[in-house]
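Only one structure is covered here, and it is reproduced in the block below.
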Amino acid sequence: MKITFLGHSAFYLTDGDHRVLIDPFLTGNPVAPSTPGLTAADINPTHIALTHGHDDHLGDTVAIAKRTGATVIAPFELGEYIGTLGVENIELGGSGGCIKLSFGCLCFTQAFHSSSTDNGRYMGPACGMVVYLGGHRIYHAGDTALFSDMALIGELYTPHVAIVPIGDRFTMGPMHGSKAVDLIKPSVCAIPCHYNTWPPITVDASQFKPAACKVEALKPGESMEL
């Protein structure tokens, strides 16, 4: 299975015929890669998974889903809203629930953050997610503060990889992100996200140094394989 970082909080998980695109903020993302096959115009996911409704996460979801026919997996209120925009294939869920899908399953977890559209419409609670794909478990924490029940997420889902925000101001910073990973205890690595996209979330990423596992600080467009 390949994990590709698309900048900010966007990731592309691929395994054979299954391609899961998470939080596809590509258009307007100053650090999004221009690599063919990874842009909003030509990426080809089978599924799009969303953590919450802020525009830097919802991003190009509607346009990509309409172009490709990808199934969108989203928290309930956000998924209902996307349906009003003409997206046909939607799987609704909520924090604590798991959804069986063609590639495996996706489980939504809690996150401590807000969720709304750019016009202020409430989009339900923000979530994280655990994606079961290709025999691997990837925990994407979404936008969140540090919370002690991350230890339970680690215990219940035993993720191989934890993707956590470290940009501070709106989410955890490097120190809290490090503590989060030490609670989760992923067996392979931790990947930082949601940092250095714009000046307000520019941080010293070298301060992200959890003790529980190694760090894979991917640059936009870079991949790692499991």
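Given the condition of a type in the set (S, T, N, Q) and at negative phi, answer yes or no: does some residue in the range 174-185 qualify? Within the range 174-185, one or more residues are of a type in the set (S, T, N, Q) and at negative phi. All told, Gly124 meets the bar of being part of a loop (DSSP other than H, G, I, E, B) and over 24 Å from Cys213 (Cα atoms). Looking across Met129, Met123, one residue alone is more than 24 Å from Asp15 (Cα to Cα) and either buried (at least 23 other Cβ atoms within 10 Å of the Cβ) or not polar (S, T, N, Q) (or both). It is Met123.
On the basis of being crowded, with 18+ Cβ neighbours inside 10 Å, out of contact with any helix residue (DSSP H, G or I) (no Cβ under 6 Å at 6 or more places or on another chain) and farther than 29 Å from Thr158 by Cα, does Ile73 make the cut?
Answer is no for this residue.
None of Asp149, Asp204, Asp143, Asp182 is farther than 28 Å from Gly59 by Cα and touching a Pro at 6+ places or on another chain (Cβ under 8 Å) except Asp182.
For the range 78-89, the tally of residues that are surrounded by fewer than 17 Cβ atoms within 10 Å (Cβ to Cβ) and under 26 Å from Leu156 (Cα atoms) stands at 0.
Among the residues of the range 91-115, those that are in contact with a strand residue (DSSP E or B) (Cβ under 6 Å, 6 or more places away or on another chain) and either farther than 20 Å from Pro159 by Cβ or in a strand (DSSP E or B) (or both) comprise Glu91, Gly93, Cys98, Ile99, Gly104, Cys105, Leu106, Cys107, Phe108, Thr109.
Considering the range 127-155, and only residues there that are in a helix (DSSP H, G or I) and of a type outside the set (Gly, Ala, Ser), the residue that is nearest to Gly97 (Cα to Cα) turns out to be Ile153. Cβ-Cβ contacts under 6 Å between residues 6 or more apart (or on different chains), taken from a first residue in the range 88-111 that is farther than 25 Å from Ser148 by Cα to a second residue that is surrounded by 14 or more Cβ atoms within 10 Å (Cβ to Cβ) and of a type in the set (Gly, Ala, Ser), are listed as Ile90/Gly79; Ile90/Gly83; Leu92/Gly79.
For Gly97, state whether it is in contact with a Ser or Thr (Cβ under 7 Å, 6 or more places away or on another chain) and modelled with pLDDT of 95 or more.
Against the criterion (in contact with a Ser or Thr (Cβ under 7 Å, 6 or more places away or on another chain) and modelled with pLDDT of 95 or more), Gly97 does not qualify.
Taken together, the residues in the range 136-148 that are over 15 Å from the mean Cα position of the chain (by Cα) and within 18 Å of Ser187 (Cα to Cα) amount to 1. Screening Asp182, Asp118 for residues that are farther than 18 Å from Phe76 by Cβ, assigned to a loop (DSSP other than H, G, I, E, B) and either out of contact with any Cys (no Cβ under 6 Å at 6 or more places or on another chain) or not acidic (Asp, Glu) (or both) leaves exactly one candidate, Asp118.
The values are calculated or read from the model by the stated rules, or taken from the named source; none is laboratory data. Keep in mind that what you see is a predicted model, and the values were worked out from it rather than measured. Reconstructed Cβ throughout: ideal geometry from the backbone, glycine too, with neighbour counts over all protein chains shown.
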